[in-house]
Amino acid sequence: ISRNHTYGQGKVGVGTLYWGSDIENQFPVLSEPKRNSTDAEIWLIIAETGGGKSYLTKGLIPQLLARNDMIGTINDIEDEYIPLAYLVGADERDVARVLDFGSDQGNYFDATEIHLTGNEDLDRTMYEDSFNLTVEVFKALGLSQKALEEYNTETEWAIQIIKTAVTNTYRSAGVLSSDMNTWGNSKGLRYQAVYQQINRLEKDNEDFNKAKELLVTKLDSYFHPDGAHYSKFEDDKRITLEQIIDAKLVINKFGLAGKAGTDVDETQMALMQLYTTQIGHIRAVFAKSQGKFNFKVFEEVQRWAKMSGA
């Protein structure tokens, strides 16, 4: 990169981020990240295996975290950034969180509650975001990938049941999609409330009843006290809003070192993708409300992109 420039004043570029040194003259190569608050800035770092991608990235991340206007979120496919959490957490001023989304008994994020920053412009889409993610979580829990791909009448009914149940969950709490002043009434809502609303739905329609029966059968595994995966959504495993927005660094741990995406249960994979998407979004929105930026790192992005649902 640096050989494309003719700077002779002892540095290549202008800014506070140090990328490395010119191998010809040892001048530092500098740039200024996120120069304009309205511009997206995306870096794709590519090289062959062993070519130094992670090495370079691990030199950039601490510099970004050292800035007062930056927080960071890392989607760690192979769990190689965990030591960075100890480094950041060693400073008593900063908090680092490692969220375990890779194991069946790891953390989960409950999207049902609508989180608000207090900035009307930033909060405008929060109802839609929570509604859509909650629907997607229940689709992942209640429908197989095959059912979603085939998308027959039964699948269509099941998705309609889920959407109706989510809508009823909000309405029962006094939350109206058209009135932002009511969105705070969603505080304390959990996936369990949506499950209960699904069970309450009735309709004199054979296709509806068949779809509901199959949907509830799968959801019982997660939300009925006798279900095989009931412990998956216990409250002590839930990631809270405070844990997400107060942290200088959040690492979403996938635990896929030495594993292929196909080695992970399809439901678990879908949940990992949904949780990390929402966490990154919420951290970005709350950071913006505080005059900061949230930078996101996708380690092994080529592996992430190949995973079903990415």
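The values are calculated or read from the model by the stated rules, or taken from the named source; none is laboratory data. Worth saying up front: this structure is predicted, and the values here are computed from it rather than measured. Here Cβ is always computed from backbone atoms with ideal geometry, including for glycine, and neighbour counts include all displayed protein chains. Just the protein is used for accessible areas: all its heavy atoms, side chains included, with ligands, DNA and RNA removed. Shrake-Rupley method; radii C 1.70, N 1.55, O 1.52, S 1.80 Å.
Can you pull out the helices (runs of 4 or more DSSP H) entirely within segment 133-222 that have at least 3 residues that are buried (at least 17 other Cβ atoms within 10 Å of the Cβ)?
Hits in segment 133-222: 153-172, 191-200.
Given the condition within 21 Å of the chain's Cα centre (by Cα), loosely packed, with under 14 Cβ neighbours inside 10 Å and in a helix (DSSP H, G or I), answer yes or no: does some residue in segment 123-131 qualify?
The answer is yes; a qualifying residue exists.
Is it the case, given these coordinates, that Thr38 is without any contact (Cβ under 8 Å) to a residue 12 or more places away in the chain, polar (S, T, N, Q), exposed (fewer than 12 other Cβ atoms within 10 Å of the Cβ) and closer than 30 Å to Asp179 by Cα?
yes
Which of (1) on the phi < 0 side of the Ramachandran plot; (2) surrounded by 14 or more Cβ atoms within 10 Å (Cβ to Cβ); (3) over 24 Å from the mean Cα position of the chain (by Cα) is the odd one out, the single condition Glu48 does not satisfy?
All conditions are met except number (2).
Which one of the conditions (1) under 16 Å from Lys296 (Cβ atoms); (2) of a type outside the set (Val, Ile, Thr); (3) without any contact (Cβ under 8 Å) to a residue 24 or more places away in the chain; (4) assigned to a helix (DSSP H, G or I) does Tyr86 fail to meet, given that it meets all the rest?
Unmet for Tyr86, out of (1) under 16 Å from Lys296 (Cβ atoms); (2) of a type outside the set (Val, Ile, Thr); (3) without any contact (Cβ under 8 Å) to a residue 24 or more places away in the chain; (4) assigned to a helix (DSSP H, G or I): (1).
Residues being open to solvent by 80 Å² or more (accessible area, probe 1.4 Å) and either in contact (Cβ under 8 Å) with a residue 24 or more places away in the chain or more than 24 Å from Val12 (Cβ to Cβ) (or both): count how many of those fall in segment 51-83.
Residues meeting the conditions: 3.
Could you check, for segment 256-270, whether at least one of its residues is at pLDDT 85 or above, hydrophobic (A, V, I, L, M, F, W, C), in a helix (DSSP H, G or I) and touching a Gly at 6+ places or on another chain (Cβ under 7 Å)?
yes
Is one or more of the residues making up segment 254-267 more than 26 Å from Leu143 (Cα to Cα), in contact with a strand residue (DSSP E or B) (Cβ under 6 Å, 6 or more places away or on another chain) and open to solvent by 20 Å² or more (accessible area, probe 1.4 Å)?
no
Give the residue that is nearest to Ser221 (Cα to Cα), with candidates limited to residues of segment 108-122 that are assigned to a loop (DSSP other than H, G, I, E, B) and open to solvent by 40 Å² or more (accessible area, probe 1.4 Å).
The selected residue is Leu116.
Name the pairs: first residue in segment 281-309 and within 23 Å of Thr49 (Cβ to Cβ), second residue part of a strand (DSSP E or B) and acidic (Asp, Glu), Cβ to Cβ under 9 Å, at least 6 apart or on different chains?
Correct list of pairs: Val297/Asp76; Glu299/Asp76; Glu300/Asp76.
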